[in-house]
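Just so you know, all these numbers are worked out from the coordinates, no wet-lab data involved. The shown structure was predicted, so the numbers you read here are calculated from the model rather than taken from an experiment.
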Amino acid sequence: MAASINQSTVINNIEFAQKALEIHDIISVLHFSRLADTLANTEGQLDCRLQGGKDANNAPYIRLLVQGALSLICQRCLQPFEHEISIDTHFILVRNESDMPAPEDESDEEDYLLIQAEMPVLELIEDELLLALPIAPKHEEGECGNENNTGDYKKPNPFAKLELLKSKK
Ligand SMILES: [Zn+2]
């Protein structure tokens, strides 16, 4: 099954896992309103896929895959740049929060979700995107100023103004 995802899409996540369902859609970045503040612009699209299933221990899970790019502002040169997004998160479905391991025991590859009859899909994707964003987005080392000819930009000489003051005397 392949259905599309919009703001009102909800899934019964345990049924989704048990029936090994799948949804896939190309979602415009502008649908993620909580992301907007951190983005240089809301252009572009993300390839989003949700797959249900059961793992080797027969535990129901949901796997979320997101591929694409977001435009972020570099904190070093203040120019926009494309930040590549590649999310592959495996959520184990649990009945109660007490079934989740303590944060210190959690492995990096696994996350947990509570079983929900109406889980908003777009919200889950947006939560994961927010987690995937760097706290201080920056170009790769040495990549700053390579776009839009900002390489010509020279830092103002802090002594230039001083010289000017001196010469006025
Ligand atoms: Zn930069």
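Things to note:
- For the range 1-130, the spherically averaged projection of the C-alpha convex hull amounts to 8.8 nm².
- A straight line joining the Cα centroids of the range 45-88 and the range 91-128 runs 16 Å.
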